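The values are calculated or read from the model by the stated rules, or taken from the named source; none is laboratory data. Note that this is a predicted model, so its numbers are computed, not measured. Cβ atoms come from the backbone with ideal geometry, glycine included; neighbour counts cover every protein chain shown.
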Amino acid sequence: MSAAPVLSVSGLRKDYRGQTALAGVDLELGAGELVGLLGPNGAGKSTLTKIACGLVRPSAGTVEVLGRAAGSPQARAALGYLAELFRFPGWSTAEELIALHQRLAGSGGGIAERTELLELVGLADAAGKRVEAMSKGMQQRLGIAQALVGAPRLLLLDEPTSALDPVGRRIVRELLEEVRARGVAVLLNSHLLSEVELVCDRVAIIVRGRVVRAGAPHELEGSRGVEVETDAGVRVFEGGREDAPRIVAELVAAGERVYRVQARRASLEDVYLEAVGGQTG
């Protein structure tokens with residue numbers, strides 16, 4: 001990357017009583033970059049996130065936020081975090097909750113920041129609504145708002161759309177795109193491949209504590225051959241889209257009649273399933 005990374009993970013390792021959660025992970029996020037972290041349960045995704053937050057100490061390796069060691073006051077001040085199983089006080093209103101997190105984060109944004117954040121997540125009309133009266137989608141958006149208190153440069157989100165319906169997931173996806181447009185780097189832990197494919201600039205697949213595949217979704221989705229239907233049946237030939245004209249020409253020259261041609265590509269789901277083997281997520 002040309003500019004200094006917002007998040008830099010190098011040789012990260014974490015062992016728990018003989019069990020390895022992370023086995024040498026390298027990862028970088030730049031400003032305004034949205035990276036999806038995929039992997040089955042127990043792969044190490046949440047451990048990596050908690051180390052970046054300073055909640056867990058690594059066994060080896062380094063994690064830095066804007067060049068500062070994870071867990072340091074400077075690193076903590078530069079990031080926002082939303083855990084997968086977050087819980088907010090049911091009696092608290094949306095505005096009260098944001099005000100509480102402003103005090104916890106030492107933010108001096110006051111009412112202007114609270115108003116801006118609630119507008120950003122589409123809860124401006126629900127500022128006085130209690131958490132217990134909110135839908136799951138509203139609570140999820142409120143969680144993202146609290147993670148943005150203090151204008152962090154890095155946002156760490158653990159399964160932010162897992163319990164939402166399609167409409168709720170779309171709202172959160174649009175919100176993440178707005179956050180990215182503001183130059184905030186986002187690390188998104190998710191099991192929802194379709195969501196990651198739609199919104200992420202890059203994807204890292206982690207299995208047994210190691211990053212086994214990484215790149216832009218379109219880079220990971222490779223060719224799966226050329227499917228051709230002729231009077232002899234349907235066959236798949238090696239090659240990609242650029243090979244289709246040659247394959248058809250050879251078949252026609254051999255006297256076969258071609259009815260349909262389709263270049264097949266591996267989806268992100270195909271790539272993921274190959275990477276994780278038989279592990280469940």
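In segment 66-87, the residues that are farther than 15 Å from residue 9 by Cα and in contact (Cβ under 8 Å) with a residue 40 or more places away in the chain reach residues that are of a type in the set (A, V, I, L, M, F, W, C) and part of a loop (DSSP other than H, G, I, E, B) with C-beta atoms within less than 6 angstrom, at least six apart or across chains, in these pairs: 78/66; 80/148. Each residue in segment 48-79 was checked for being more than 14 Å from residue 154 (Cα to Cα) and in a loop (DSSP other than H, G, I, E, B), and 6 of them qualify. Counted as qualifying within segment 1-42 are the strands (runs of 3 or more DSSP E) with 3 or more residues that are in contact with a Pro (Cβ under 9 Å, 6 or more places away or on another chain) and at negative phi, namely 7-16, 19-29. Restricting attention to segment 80-125 and to residues that are assigned to a loop (DSSP other than H, G, I, E, B), hydrophobic (A, V, I, L, M, F, W, C) and under 25 Å from the mean Cα position of the chain (by Cα), the residue that is modelled with the lowest pLDDT turns out to be 85. Scanning segment 4-39 for residues that are modelled with pLDDT of 90 or more and basic (Lys, Arg) turns up 13, 14. With respect to being small (Gly, Ala, Ser) and more than 30 Å from residue 16 (Cα to Cα), residue 255 fits the description. Taken together, the residues in segment 40-79 that are more than 24 Å from residue 179 (Cα to Cα) and at pLDDT below 90 amount to 5.
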